[in-house]
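Take a look at the structure below.
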């Protein structure tokens, strides 16, 4: 209901599981909004006004029909962004300008590649790229995400452990399961902080 957007002191708004097909531009009136949940709807696009929310730190839009995000998304101060189970064929370059981002989830999208500019997300701690199916390599920029603690690339088409992972000096948890990896490199031993690694459902040979 439109009345929701007149409550301008709202800091957290959950509109998930409502079969919504659109969000009105009036959402831009919620200038104090910090957390927005729009997951499990029928959204094809997001309103441009979302990019004018100066305090928005958390946004979840998973399980919709989105193919892209609004122009100007890089103006936000997002710390957490969840876009899995949509129709993204590529990651918009503007996401790589969200310099405050700590958690980024883009799994279960028909991605075939990632932008090398992803190296700009220097504060990223957690990244989910699971079950993208067409994804079989990582850009060199991933190796520059030295603050990354958890990387999930489960359920893709990797035939080997991506070399870029060997540069993740703070990685603690790594999910490589359900890929096509046949061998593990000796260089994995360089990851001194790695405590939890899942390599199930791969055609490993010994």
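The values are calculated or read from the model by the stated rules, or taken from the named source; none is laboratory data. Note that this is a predicted model, so its numbers are computed, not measured. Every residue, glycine among them, receives a Cβ derived from its backbone with ideal geometry; neighbour counts consider all protein chains shown.
See the values below:
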read-out: First in the stretch 177-206 and on the phi > 0 side of the Ramachandran plot, second anywhere and modelled with pLDDT of 95 or more and surrounded by fewer than 13 Cβ atoms within 10 Å (Cβ to Cβ), Cβ under 8 Å, 6 or more apart; value: 178/200
read-out: Test for residue 204: is it closer than 20 Å to residue 140 by Cα and modelled with pLDDT of 95 or more; value: no
read-out: Exclusive hit being surrounded by fewer than 18 Cβ atoms within 10 Å (Cβ to Cβ) and touching a strand residue (DSSP E or B) at 6+ places or on another chain (Cβ under 8 Å), set 122, 193, 205, 126; value: 126
read-out: Within the stretch 84-119, considering residues that are surrounded by fewer than 15 Cβ atoms within 10 Å (Cβ to Cβ) and not in a helix (DSSP H, G or I), the one modelled with the lowest pLDDT; value: 112
read-out: Filter result for residue 36 (within 17 Å of the chain's Cα centre (by Cα) and assigned to a strand (DSSP E or B)); value: yes
read-out: Matching option when the condition is in the same structural domain as residue 13 (by TED's automatic domain parsing) and under 24 Å from residue 122 (Cβ atoms), among 98, 111, 69; value: 69
read-out: Qualifying positions in the stretch 52-74 - outside any strand (DSSP E or B), closer than 24 Å to residue 111 by Cα and in contact (Cβ under 8 Å) with a residue 24 or more places away in the chain; value: 61, 62, 63, 64, 68, 69, 70, 72, 73, 74
read-out: Pair list, Cβ < 9 Å and 6+ apart or interchain, from the stretch 1-30 residues that are not assigned by TED's automatic domain parsing to the domain that holds residue 43 to residues that are assigned to a loop (DSSP other than H, G, I, E, B) and exposed (fewer than 11 other Cβ atoms within 10 Å of the Cβ); value: none
read-out: Pick from the stretch 136-160, criterion in contact with a strand residue (DSSP E or B) (Cβ under 6 Å, 6 or more places away or on another chain) and not in a loop (DSSP other than H, G, I, E, B), ranking: surrounded by the fewest Cβ atoms within 10 Å (Cβ to Cβ); value: 150
